[in-house]
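S.K.: Pasting a structure below so you can have a look.
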Amino acid sequence: MKNLILITVGIAVLDQLTKQMIVRNLDQCGFGFCDSIELLSFLKLILLYNDGAAFSILSDAGGWQRWFLSAVSFAVSCFIFFWILRLNSSERLLGFALATILGGAIGNLIDRVLLGHVVDFILLHYGNLYFPTFNVADTAISVGAILLIIEMFYKKKGRNGHGKNT
């Protein structure tokens, strides 16, 4: 249990530190040119502010989305936190998945409440094909969701008698 809280806090802190580093060192991208740091031929660091949800959904909704998305994020975070508290010590993969999701959710919630937007800075692309810009918190949420799916299939396989469920 203590390890899961440390993972959660570690992800949220790493997310906030990386965002602060980017905000201090890069100018925000608008419709024109902006600062960017090319790390690899397919990976850049840039600074974008997302007023909406994933993939900038609701970003032009007029401001009400800040508090709505904050409330949803807070409610989901509480649900996940209490789920973690109820886990058995044998549910390690599930616990890790939930802790990574919770850490990412808290990282983005901090941005939304304090800044009114989420700081995104990782840009993946191949030629002229671009994936929406994201951050450490988004990465943690995605990894946690993938692990939840793996856990779900693992448990289902164990219940059907086609594999072990430990």
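The values are calculated or read from the model by the stated rules, or taken from the named source; none is laboratory data. All values reported here derive from a predicted model rather than from experimental measurement. Cβ placement follows ideal geometry from the backbone for every residue including glycine, while neighbour counts extend to all protein chains displayed. With ligands, DNA and RNA removed, areas are computed over all heavy atoms of the protein, side chains included. Shrake-Rupley method; radii C 1.70, N 1.55, O 1.52, S 1.80 Å.
S.K.: Could you state the accessible area per residue of region 97-142 in Å², with a 1.4 Å probe and every protein chain left in place?
M.R.: For region 97-142, the per-residue accessible area is 40 Å².
S.K.: Percent of accessible area on region 87-141 owned by carbon and sulfur, 1.4 Å probe?
M.R.: 67 percent
S.K.: To the nearest 10 Å², what's LYS156's accessible area with a 1.4 Å probe?
M.R.: For LYS156, solvent-accessible area is about 110 Å².
S.K.: Let me ask something else about it. Distance between Cα centroids, region 138-156 to region 62-106: provide it in whole Å.
M.R.: Taking the Cα centre of each part, region 138-156 and region 62-106 sit 13 Å apart.
S.K.: In nm², what is the average projected area of the convex hull enclosing the Cα atoms of region 65-166?
M.R.: Its Cα hull, projected and averaged over all orientations, spans 8.6 nm².
S.K.: If each of PHE82 and LEU115 carries a label point 7 Å out from its Cα toward its Cβ, how far apart are those two points in nm?
M.R.: It is 3.0 nm.
S.K.: Which of the aspartates and glutamates could a cross-linker bridge to LYS44, judged by Cα under 18 Å and excluding same-chain residues fewer than eight apart?
M.R.: ASP15, ASP27, ASP35, ASP120, ASP138
S.K.: Two decimals is fine: what is log10 I(q)/I(0) at q = 0.19 Å⁻¹ for region 89-132, from a Debye sum with one equal scatterer on every Cα and no solvent?
M.R.: -0.75
S.K.: Treating the beta-carbon of each Lys and Arg as +1 and of each Asp and Glu as -1, no other charges, what is the dipole magnitude of region 1-50 about its Cα centre, to the nearest 20 debye?
M.R.: About 220 debye.
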